[in-house]
1. Looking at segment 43-59 only, could you name the residues that are outside any loop (DSSP other than H, G, I, E, B) and open to solvent by less than 60 Å² (accessible area, probe 1.4 Å)?
2. So, of the residues in segment 117-146 that are open to solvent by less than 30 Å² (accessible area, probe 1.4 Å) and part of a helix (DSSP H, G or I), which turns out to be nearest to residue 16 (Cα to Cα)?
3. Report every pair of residues separated by at least 6 positions or lying on different chains whose Cβ atoms are under 7 Å apart, first residue within segment 30-55 and closer than 10 Å to residue 70 by Cβ, second among the β-branched types (Val, Ile, Thr) and in a helix (DSSP H, G or I).
4. Within segment 2-29, can you find the residues that are more than 16 Å from the ligand (Cβ to nearest atom), crowded, with 17+ Cβ neighbours inside 10 Å and assigned to a strand (DSSP E or B)?
5. Given the criteria among the basic types (Lys, Arg) and open to solvent by less than 10 Å² (accessible area, probe 1.4 Å), does residue 76 qualify?
6. Examine segment 92-101 for a residue that is touching a Ser or Thr at 6+ places or on another chain (Cβ under 6 Å) and either open to solvent by less than 20 Å² (accessible area, probe 1.4 Å) or in contact (Cβ under 8 Å) with a residue 24 or more places away in the chain (or both), and state whether such a residue exists.
7. May I ask you to say which residue of 71, 50 is within 16 Å of the ligand (Cβ to nearest atom) and under 22 Å from residue 144 (Cα atoms)?
8. Find the residue count for segment 57-75, including only residues that are in contact (Cβ under 8 Å) with a residue 24 or more places away in the chain and more than 10 Å from the chain's Cα centre (by Cα).
Amino acid sequence: MKVILGADHAGLELKEHLVAHLTALGHEVTDLHDEALEVDYPDMAAALCSRITDGSHPLGILVCGTGVGISIAANKIPGIRAACISDVYSARMCRSHNDANVLCLGGRTLGPEKAYELAELFLSEPFAGERHARRVEKIARLERRD
Ligand code: RB5
């Protein structure tokens with residue numbers, strides 16, 4: 001699976017673990033690395049999400065301290081459905097039911113092993129479509145204010 005990863009300073013260490021792990025599993029990983037000592041999470045959310053909405057990457061993973069701030073920022077961008085996730089059931093359901101295209105994780109709340117499990121589920125679970133497609137389309141309508 002092609003996936004792009006990015007983090008603010010609080011998510012950097014976990015993001016590096018995830019890049020190494022997902023690459024070793026054979027995923028086609030783009031690492032949106034920022035050399036700055038301090039990266040504001042809305043800036044990283046904007047940079048990564050532009051690579052989703054331009055069609056170059058189907059899925060992305062963002063990491064900040066909690067996953068919360070970066071998911072709030074990502075969800076401001078039309079076409080982005082970001083899910084802040086810390087449990088395995090929701091990691092599957094956000095793909096299956098919500099067609100989430102960005103997974104947001106907490107670098108200060110999750111250890112690497114849990115993050116690997118959540119990321120692998122997110123990358124492997126397909127969108128179920130059917131009645132869920134109708135609901136996701138209604139999200140898009142909210143975005144367009146139809
Ligand atoms: C940065 O200190 C921290 O506020 C940020 O990573 C994130 O947790 C915000 O939600």
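The values are calculated or read from the model by the stated rules, or taken from the named source; none is laboratory data. Please read these numbers as outputs of a predicted model, since none were measured by experiment. Neighbour counts run over all protein chains shown; Cβ positions are idealised from the backbone, glycine included. For accessibility, only protein heavy atoms count, side chains too; no ligands or nucleic acids. Shrake-Rupley method; radii C 1.70, N 1.55, O 1.52, S 1.80 Å.
1. Once the filter is applied, which keeps residues that are outside any loop (DSSP other than H, G, I, E, B) and open to solvent by less than 60 Å² (accessible area, probe 1.4 Å), segment 43-59 yields 44, 45, 46, 47, 48, 49, 50, 52, 59.
2. 119
3. Listed by first residue and then by second, the contacts come to 41/70; 44/70; 45/70.
4. Across segment 2-29, the qualifying residues are 3, 4, 29.
5. It is false that residue 76 is among the basic types (Lys, Arg) and open to solvent by less than 10 Å² (accessible area, probe 1.4 Å).
6. No, because not a single residue in segment 92-101 is touching a Ser or Thr at 6+ places or on another chain (Cβ under 6 Å) and either open to solvent by less than 20 Å² (accessible area, probe 1.4 Å) or in contact (Cβ under 8 Å) with a residue 24 or more places away in the chain (or both).
7. 71
8. Counting residues in segment 57-75 that are in contact (Cβ under 8 Å) with a residue 24 or more places away in the chain and more than 10 Å from the chain's Cα centre (by Cα) gives 8.
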